[in-house]
Amino acid sequence: MIVQQDFLKKIKDFGLNSYEAKIWTALLSRGVSTAGELSDIANVPRSRSYDVLESLEKKGFIIMKIGKPIKYIAVPPEEVLERVKKTIQVDADKQAKTLDKLKGSDVLNELKTLHTKGVDLVEPTDLTGALKGRSNAYNQLDSMIKGAETGIILVTSEEGLTRKTDSLLRALKKASERGVKIQVAAQLTNKNKDAVATLKKYADVRNLNGIDARFCVVDSQEVMFMLLPDTDVHPSYDVGIWINTPYFAQALSSMFELAWKELKVKN
């Protein structure tokens, strides 16, 4: 049986490696089969087929049939999907509980101390970084907002306002509850009116026309800005620059405040 490589790659989404995907699809095509038969059909070395079948059995993809010779039965794909989903949820819950236990632990406190002392030794020029991919940039923005103490300035595009509302709303809400001043400027249109309505609960949102920019300033200390217009770049190739520089951040904040006074308040 020949299975297309593209199809095998998609099957890996079930959490299978290459050999497991080949053996499983071979068994699905037969319903019931021996290890030797599956090895030949799937073109998997016989020396590996038993290990692979044992792994598939543990994962709940197949059932070993009692008798001689040993045969294997394929579990229906829809049932496998539910089993995989349940396993992922259980593992994620366990991992989340483990991470929650680390909060306030001696281990985390020691790590925080190491980081604080390490940052104190770093030259200001070294506190910069490039973030490739929009998701990585948003993760950094989320981290900056979570650490905000006094003020957040967020300037973005028409479509970016909606994206950032979806990605950063929780962090912005908590920042607002901490008393952080949040200012958001973007081109406000019917396309992002829902995002504006949501953001207005936690931020001062104003209309920005004639200036195409994407940047964020936190506490007049940290700055992150995007290098390209979001309309000209694929999300995977978007690039952001993060810098920790009070000198530049304070200057940028001051210039923003001058422009902010002229921006129209969104009713």
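The values are calculated or read from the model by the stated rules, or taken from the named source; none is laboratory data. All of these numbers come straight from a predicted model, not from anything done at the bench. Positions of Cβ are backbone-derived with ideal geometry, glycine not excepted, and every protein chain shown enters the neighbour counts.
At-a-glance table
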{"read-out": "Within segment 178-209, tally of residues that are in a loop (DSSP other than H, G, I, E, B) and basic (Lys, Arg)", "value": "3"}
{"read-out": "Residue match in segment 239-261 (condition: in a loop (DSSP other than H, G, I, E, B), among the aliphatic types (A, V, I, L, M) and either modelled with pLDDT of 95 or more or surrounded by 14 or more Cβ atoms within 10 Å (Cβ to Cβ) (or both))", "value": "no"}
{"read-out": "Residue within segment 163-177 that is over 15 Å from LEU263 (Cβ atoms), part of a loop (DSSP other than H, G, I, E, B) and basic (Lys, Arg) present", "value": "no"}
{"read-out": "Contacts under 8 angstrom Cβ, first residue in segment 222-239 being assigned by TED's automatic domain parsing to the domain that holds ILE211 and over 15 Å from LEU154 (Cα atoms), partner among the hydroxyl-bearing types (Ser, Thr, Tyr) and in a helix (DSSP H, G or I), 6 or more apart", "value": "PRO235/SER135"}
{"read-out": "Qualifying helices (runs of 4 or more DSSP H) (wholly inside segment 33-133; at least 3 residues being modelled with pLDDT of 80 or more)", "value": "35-42, 46-59, 77-102"}
